[in-house]
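Undergrad: Dumping the structure here so I can ask a few things about it.
What follows is calculated from the coordinates using simple rules that are stated; it is not laboratory data. Nothing here was measured: the structure is a model prediction, and the numbers come from that model. Counting neighbours? That spans all protein chains shown, and the Cβs are built from the backbone with ideal geometry, glycine included.
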Amino acid sequence: MIKISQLRKSYNGRCVLNIEDFVFEPGGKYALIGANGSGKSTLLKILAGTLAADSGSIDCPSGLRERLGYMPQKPYIYDFSVLKNILIAFTHSQSDSAAALRALRRVGMEDFAAARGSRLSGGESQRVAFARMLVEPHPLLLLDEPTSAMDLNASDQVEQELLDYCSEQTTTLIFATHSLAQAQRVADTLLLMDHGLLAEYGSAAELIHHPQTQEARDFLRNWKVD
């Protein structure tokens, strides 16, 4: 269980995150949705420990943060081979080339194993960054628009691998997305962020088809969803 309380963050006097409380249950899959600047990335960075909150608390099991997997919007790929980019991810076990190649195969990038990281497209870089997380078990994954630069086929493949990984590892997943369709396919619970606030949350069916707040109705007005 990950419990956040009174979480606040401001930049130059402007509040970008203000969440009173929320609990992420173990093994749950949560999608953060909302307009640009709504606080999704800020929340993920604070949960990942790459950004400090101004105030508030995050209570989680001991050692969870040391074992989480975090993928920012623009993941960093080192300028050496794609295979070596995967091998450096082995932090809790011995490097295993066969396991690294299997991870690349799971995201359709095995033919790029010898390619240099600097020559990858944005979507290819995202797939390599995702494969880098697959090689070790993580109790928590924090993903910031993980398929935003991928084509539809690659996105579908990564989504399925993500679901399989979470099922295999009983991983808690928290990810930001601008795709309501993706949120529906992957998440159990949707959290609508609005100007740093948690405006509404619930299942996809509840939030998308029966929004309870004006913020949710305003956000959904321009979306066509099934």
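Undergrad: Once amide H atoms are placed 1.01 Å from N in the peptide plane, what residues at a sequence separation of 5 or more from Gly196, or on another chain, have their amide H within under 5 Å of its amide H?
TA: For Gly196, the qualifying residues are Gly39.
Undergrad: Given the convex hull of the Cα atoms of the chain, what is a quarter of its surface area in nm²? Intermediate results must be reported in sequence, preceding the final value.
TA: On the way: hull surface 50.3 nm².
Orientation-averaged projected area of the Cα hull: 12.6 nm².
Undergrad: Rounded to whole Hz and in sequence order, give me ³J(HN,Hα) for the range 65-73 from the Karplus expression 6.51 cos²θ - 1.76 cosθ + 1.60, θ = phi - 60°, writing x for Gly and Pro.
TA: 5, 6, 10, 6, x, 10, 10, x, 4
Undergrad: I would also like to ask the following. Which of Ser148, Gly123, Leu87 sits farthest toward the positive end of the charge dipole of the range 85-164, with +1 on the Cβ of Lys and Arg and -1 on the Cβ of Asp and Glu?
TA: Selected residue: Leu87.
Undergrad: Under 10 Å, Cα contacts only: if you run a Gaussian network model on the chain, which one of Asn153, Asn18, Asn85 comes out with the highest mean-square fluctuation?
TA: Ranking Asn153, Asn18, Asn85 by mean-square fluctuation puts Asn153 first.
Undergrad: Let's see if you can work this out: charge +1 on each Lys and Arg Cβ, -1 on each Asp and Glu Cβ, no other charges. What is the dipole magnitude of the range 73-137 about its Cα centre, in debye to the nearest 20?
TA: The dipole of the range 73-137 has a size of about 120 debye.
Undergrad: About the Cα centre, and with charges only on the beta carbon of Lys, Arg (+1) and Asp, Glu (-1), how big is the dipole of the chain? Nearest 20 debye, please. Mind showing how you got there, number by number?
TA: Values: 22 positive and 27 negative charges, 120 e Å.
So the dipole magnitude of the chain works out to roughly 580 debye.
Undergrad: Quick one: angle between helix 97-106 and the longest Cα principal axis of the chain, in degrees between 0 and 90, rounded to 10, please.
TA: 50 degrees
Undergrad: Another one. Taking a virtual spin label 7 Å from the Cα of His209 along the C-beta vector, which residues in the range 152-191 bring their backbone nitrogen under 20 Å of it?
TA: 179-191
Undergrad: Right, next: Once you've got the Cα coordinates, tell me which of Lys45/Lys74; Lys9/Lys40; Lys3/Lys40; Lys3/Lys74; Lys9/Lys74; Lys29/Lys74 are over 20 Å apart.
TA: Numbers: Lys45/Lys74 13 Å; Lys9/Lys40 12 Å; Lys3/Lys40 17 Å; Lys3/Lys74 27 Å; Lys9/Lys74 22 Å; Lys29/Lys74 22 Å.
From the list (Lys45/Lys74; Lys9/Lys40; Lys3/Lys40; Lys3/Lys74; Lys9/Lys74; Lys29/Lys74), the Cα-Cα distance tops 20 Å for Lys3/Lys74; Lys9/Lys74; Lys29/Lys74.
Undergrad: Can I ask one more? Over the range 73-137, what portion of Cα pair distances is larger than 14 Å, expressed as a whole percent?
TA: Values: 960 of 2080 pairs.
Tail of the P(r) past 14 Å holds 46 percent of the pairs.
Undergrad: Under the Karplus relation 6.51 cos²θ - 1.76 cosθ + 1.60, θ = phi - 60°, what is the ordered set of whole-Hz ³J(HN,Hα) values for the range 163-174, x standing for Gly and Pro?
TA: 5, 5, 4, 4, 5, 5, 9, 6, 8, 7, 10, 10
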